[in-house]
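Worksheet: the structure to be examined is printed underneath.
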Amino acid sequence: MAEDARESSDSSPPPPAPPTPPREEGSAEQFEAVAPAAEEEAASDPGMGTSTPATPATPYEPSPRPRRPPGVPADAPQEVVRAVEAAIAGGPDLLREVVSQEQGELAHSVVDVLLGTMGGADEACDATGTGAPPSVMSNARAAVAAAELLPHLPCDGEPSPRTRIVAGLHAALRACTRNRAMCSSAGLLATLLESAEKLLVEMDPGSSWDGTPLLQCIQVLGGHSLSVKDLHSWLGLVRKALGTSWATPLMLALEKAMGSEETRGPAATFEFDGESSGLLGPGDSRWPFLNGYGFATWIYIESFSDTLSTATAAAAIAAAAAATSGKSSAMSAAAAASALAGEGTAHMPRLFSFLSSDNQGVEAYFHGQFLVVESVGGRGKKASLHFTHAFKPQCWYFVGLEHTNKHGLLGKGESELRLYVDGSLYESRPFEFPRISKPLAFCCIGTNPPPTIAGLQRRRRQCPLFAEMGPVYIFKEPIGPDRMRRLASRGGDTLPSFGNGAGLPWKATNDHVKSMAEESFTLNNEMGGSLHLLYHPSLLTGRLCPDASPSGSSGLSPPTYSLCT
């Protein structure tokens, strides 16, 4: 509109503009990045002033409407938007006053603005993880403000404002791990427990509002992260609820939280957002390794972010691979998956991508719910193998891959590819080891090299993984089924140590702890010589993390990788 106003200046002087509305308290940090272009345009236009009277003379003049978060309804009352902004900034009194003044449509408007500002509350449940990816929250502090407001919201009529806000919180917390991590960092669990005490223990016994959805929010968030302080508050709430009908549900919620799916995974993880994140390790001139390679990690896939048609095709390919046995069936099934991936139209999130500068190497990616390994050798010779295990979204797995390269008397031998799931050998197929003449240039985990790298991704899009990942082990030779099983059994919380710093646990307090520590020490010694790279998320500092393998700790290899975002 400013351009139109400038065009009309040939025939008449530019009309004065209304004064710029003052920025409201608490909105600078939240909304400053929403519309920077509009601010720059207003600052560069000589006809836009703040000292002239507000007398618009043309229909092209912009209205002085304050900026709002993208999810906030356009027809929401300005007083509600202002009160929500103040509550997010740390002053909930104004929002409580707005709710207490009128309990009709205004309370529903408060809920609309809170959920819109918070984001991530879309109800999209997909058991296969191949549909649209889950929504990520925009503002975790809005969720805390909503939880603080719960006891003050009316509960008459269904869905009541209180029921709607709890349902929105539950949907956002269930959507993905990132939402739960953001809310945990913002202190949402403590706020939910305080509101639960007011609603379930101190509320009017004659109230008919069902607090079960609130307990579900507490259970989901507690299953992600439960501090000692929050556990103490939770148990204190159970004690206060004794004699009411909520004592048992509160204790059951705590039991389910302690045994949830998230507790099966490592305490520290790498977070991949499915957009522009991934791990970038160093190259290596010794690639490919003569005896083969191995890869192992713990992974929690949020979404495969695939279309339904691609997922259906992936299931058909996996079924064809499982229906028959032998080398030909595996290769024919994999060829179809590889052809689809080569078109560059489908999203195939990468588990890892080990490539040379001319696109030779090995990649492992998800085709729907199924894992595919693809190799490209000299002269562009391509081969791929489609495994038949259907991975489920939002479940923790230990995933191991081994590619053996057996040398025969005439320089050629049988090679096979093995898939381990949760420590067990799930599938083993004959698969030719690639003949690669160039050194390793790109060691990417959770993504493939970006298309900005010249000549590398000519036909493919970048396919990052939307997942949580634990420690990443990359081996320069296969370690075998027994060590894979022991590695999976040890779990992803252990940070291995090698060399002189890895002393025996002679100070163990009991025989069981001593036995476990000695087993871990023995496993480290056995696989230390086979390790090429080891990245542990507990060592992550900013965007960099040291290589914890023996070669990395001794300074023989580049010590860090970059966490690309």
From fewest to most C-beta neighbours within 10 Å, the residues L221, L231 line up as L231, L221
Quarter of Cα convex hull surface for the range 154-240, i.e. mean projection, nm²:
5.6 nm²
Mind ordering 143-149, 473-479 by average Cβ neighbours within 10 Å, highest first?
143-149, 473-479
Calculate the FRET efficiency for K514 and T248 from the Cβ-Cβ distance with a Förster distance of 56 Å, rounded to the nearest 0.05.
0.90
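Using a/c under 1.5 as the rounded threshold, could you call the range 115-264 rounded, prolate or oblate? The axes a ≥ b ≥ c are square roots of the C-alpha gyration tensor eigenvalues, and prolate needs a/b larger than b/c, oblate otherwise.
Oblate shape, in that a/c is at least 1.5 and b/c is the bigger or equal ratio.
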Work from the charge dipole of the range 115-264 (Cβ charges, +1 for Lys and Arg, -1 for Asp and Glu, about the Cα centre) and give the residue of G120, P213, T177 farthest towards its positive end.
T177
To the nearest 20 Debye, how big is the dipole of the range 115-264 about its Cα centre, given +1 on the beta carbon of each Lys and Arg and -1 on that of each Asp and Glu?
380 debye
Listed here are the pairs K256/K514; K229/K256; K392/K476; K198/K240; which of them are more than 21 Å apart at the Cα?
K256/K514; K392/K476
Once fully extended, how much extra length lies between S260 and K240, figured as 0.36 nm per residue of separation less the alpha-carbon to alpha-carbon distance?
4.7 nm
Most packed first (mean Cβ within 10 Å per residue), the peptides 375-386, 288-299 order as 288-299, 375-386
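Coordinate-derived values only; no laboratory data. Quick caveat: nothing in here was measured; it's all calculated off a predicted structure. Reconstructed Cβ throughout: ideal geometry from the backbone, glycine too, with neighbour counts over all protein chains shown.
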